[in-house]
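Undergrad: Below is one structure. I have some questions about it.
Coordinate-derived values only; no laboratory data. It should be emphasised that the depicted structure is a prediction, and the values quoted were computed from it without experimental measurement. Ideal geometry is used to build each Cβ from the backbone, glycine not excepted, and the neighbour counts take in all protein chains shown.
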Amino acid sequence: MSKKIYLLLLVQLCLFMNSVFAESTVVIIDEQVRVNGAVISLGQVAKISGDDEAANQKLRKLKIGDAPVPGSSFVLTKEVLNMRLAATGIDLASVTWLIPDRITVIGDSQVISAQTLIDRGINAIREQVGPNVQYDDLHIFYVGREQDVTVPVGNVILSTSLPYGIRYNAPTTVMIFISVDGQAVTKVGLRFKVNLYRQVAVAASQVNAREIFTEGNLRYERMDAGQIAAGFFTDKNKVLGLEARRAITPGTVITDSMVNKPVIVKRGNMVTLVAFVGNIQVIASGQAMQDGYEGQLIRIKNVITNKIVLGKVIDENKVQVLTYKSASAS
């Protein structure tokens, strides 16, 4: 008899429990959960079920704290979770909670390898240099410590900038900005040693001061652009016909500070003065008061008026007048 009563009570209890779970929302949380994002929502860590789907969705959206950094974890106790749930203002009694005493919350993550970041930095430098430099003439070396970067799970986009440009005589910095699913996550600064090799004009033989450069005393040599003085020439045709300002030894890199345009108008030479008054061209005879090279402004004496004028050397016989001076020749 007692056995029958016990079975009857057990059946009634099961029916009662089934009715309770059927009517109320049930929240089940495992001992270990993984989350993604900056904030933990209840829906990320719990399995929520019940007949009232609107109530279920409301529970899933509840914010219960900050998420761990991607790749790290922390322990959330049942007591702390209950306090956070109570702070949201929901009716805890209307929900059946199946929560362990301790919950390990893990920040879901993915790893961007150091090599991926380095390759992106190298590509950024090559893009900045442009297509006019041959691939083998640009050498790029990473000079920092290789380190992977851990970020949240999602679609990763890497964008770059070179805040100080490319430096050939000092480390070049590339900033890599990392975003996941359109949200900025972090940025990484990488440093590279960049060598740019160019064919530069050098003296093929001894060049004396005031000597004119010709094909015979110039040649090309491949050099690291970061290790030579500024103002070098990559086209020796731009040096041909120029005059050496000083003696230059063989193998010396020719720079713009070493050369002058040759003097084509000598002091005392007679030249033709050309001036324009509106559309009218005025021509007169003049005498150079100083040496001048093509394009240089020099003083010229108008031999008719005996006035000093300032003009630009056009060629060895012609000077274009720019302004007049009232000073008389001494």
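Undergrad: Using only the Cα atoms of the range 56-192, each taken as one equal point scatterer with no solvent, compute I(q) by the Debye sum, divide by I(0), and report log10 of the ratio at q = 0.18, 0.20 Å⁻¹.
TA: Taken in order of the listed q values, log10 I(q)/I(0) reads -1.02, -1.17.
Undergrad: OK, next. Which residues' amide hydrogens lie under 5 Å from the amide hydrogen of Gly144, considering only partners 5 or more residues apart or on another chain, with H built in the peptide plane?
TA: Under 5 Å from the amide H of Gly144: Arg191.
Undergrad: Distances over 20 Å make up what percent of all Cα-Cα pairs in the range 197-260? Don't skip to the end; give the middle numbers.
TA: Details: 269 of 2016 pairs.
It works out to 13 percent of all Cα pairs.
Undergrad: Two decimals is fine: what is log10 I(q)/I(0) at q = 0.17, 0.20, 0.28 Å⁻¹ for the range 235-303, from a Debye sum with one equal scatterer on every Cα and no solvent?
TA: Scattering profile of the range 235-303, log10 relative to I(0): -0.74, -0.86, -1.22.
Undergrad: Can you tell me the alpha carbon radius of gyration of the range 112-191 divided by the globular rule-of-thumb value 2.2 N^0.38 Å? Please list the in-between numbers first.
TA: Details: Rg = 13.3 Å, N = 80, 2.2 N^0.38 = 11.6 Å.
Dividing the Cα Rg of the range 112-191 by 2.2 N^0.38 Å gives 1.14.
Undergrad: Expressed as an acute angle from 0 to 90° and rounded to the nearest 10, what is the orientation of the C-alpha long axis of helix 2-23 relative to the principal long axis of the chain?
TA: Helix 2-23 sits roughly 30 degrees off the main axis of the chain.
Undergrad: Something else now. Calculate, in nm to one decimal, what Met175 and Thr77 gain on full extension: separation in residues at 0.36 nm each, minus their alpha carbon distance.
TA: Details: separation 98, 0.36 × 98 = 35.28 nm, distance 4.02 nm.
Additional length available on full extension: 31.3 nm.
Undergrad: Among the listed pairs Lys193/Lys238; Lys47/Lys187; Lys63/Lys187; Lys261/Lys307; Lys236/Lys312; Lys236/Lys307, which are separated by more than 32 Å between their Cα atoms? Display every interim value, and only then the final one.
TA: Working: Lys193/Lys238 30 Å; Lys47/Lys187 35 Å; Lys63/Lys187 27 Å; Lys261/Lys307 27 Å; Lys236/Lys312 26 Å; Lys236/Lys307 41 Å.
Lys47/Lys187; Lys236/Lys307, as the Cα separations exceed 32 Å there.
Undergrad: Go ahead and set up a Gaussian network model of the chain, Cα springs under 10 Å, then flag whichever of Thr104, Thr272, Thr172 fluctuates most.
TA: Result for the chain, Cα springs under 10 Å: Thr272 fluctuates most.
Undergrad: Which shape class, rounded, prolate or oblate, goes with the range 43-97 when its Cα gyration tensor gives a ≥ b ≥ c as root eigenvalues, a/c under 1.5 marks rounded, and past that a/b bigger than b/c marks prolate?
TA: prolate
Undergrad: About the Cα centre of the range 264-328, what is the dipole size in debye to 20, counting +1 per Lys and Arg Cβ and -1 per Asp and Glu Cβ, all else neutral?
TA: It works out to roughly 260 debye.
Undergrad: Test of understanding: what is the full-extension gain from Ala284 to Asp224, defined as 0.36 nm times their sequence separation minus their Cα-Cα distance?
TA: Working it through step by step, the gained length comes to 16.4 nm.
Undergrad: Just to verify a number: FRET efficiency for Ala209 and Glu146, C-beta to C-beta distance, R0 = 41 Å, to 0.05?
TA: Here the calculated transfer efficiency is 0.20.
Undergrad: In nanometres, what is the gap between the two model label sites at Asp101 and Ile264, each 7 Å from Cα along Cα-to-Cβ?
TA: 9.8
Undergrad: Which shape class applies to the range 26-66: rounded if a/c is under 1.5, otherwise prolate when a/b exceeds b/c and oblate if not, where a ≥ b ≥ c are the square roots of the Cα gyration tensor eigenvalues?
TA: Because a/c hits 1.5 or more and a/b fails to exceed b/c, the range 26-66 counts as oblate.
Undergrad: Okay, next question. Across the range 199-213, in residue order, what do the Karplus-derived ³J(HN,Hα) couplings come to in whole Hz, using 6.51 cos²θ - 1.76 cosθ + 1.60 with θ = phi - 60° and x for Gly and Pro?
TA: Karplus-based 3J(HN,Hα) across the range 199-213 equals 7, 10, 7, 10, 6, 7, 8, 5, 10, 7, 4, 6, 7, 8, 6 Hz.
Undergrad: At a Förster radius of 45 Å, what calculated FRET efficiency corresponds to the Cβ-Cβ distance of Lys47 and Arg191, to the nearest 0.05?
TA: 0.40
Undergrad: For the range 151-203, what percent of Cα pairs sit more than 12 Å apart?
TA: Working: 950 of 1378 pairs.
Value for the range 151-203 (Cα pairs over 12 Å): 69 percent.
Undergrad: How much length, in nm to one decimal, is gained on full extension between Thr272 and Asp235, taken as 0.36 nm per residue of separation minus their Cα-Cα distance?
TA: 9.9 nm
Undergrad: Starting from the eigenvalues of the Cα gyration tensor, five times each then square-rooted, give me the equivalent ellipsoid semi-axes of the chain, largest first, whole Å. Each step should come with its number before you reach the end.
TA: Details: eigenvalues 1565, 129, 34 Å².
Semi-axes, largest first: 88, 25, 13 Å.
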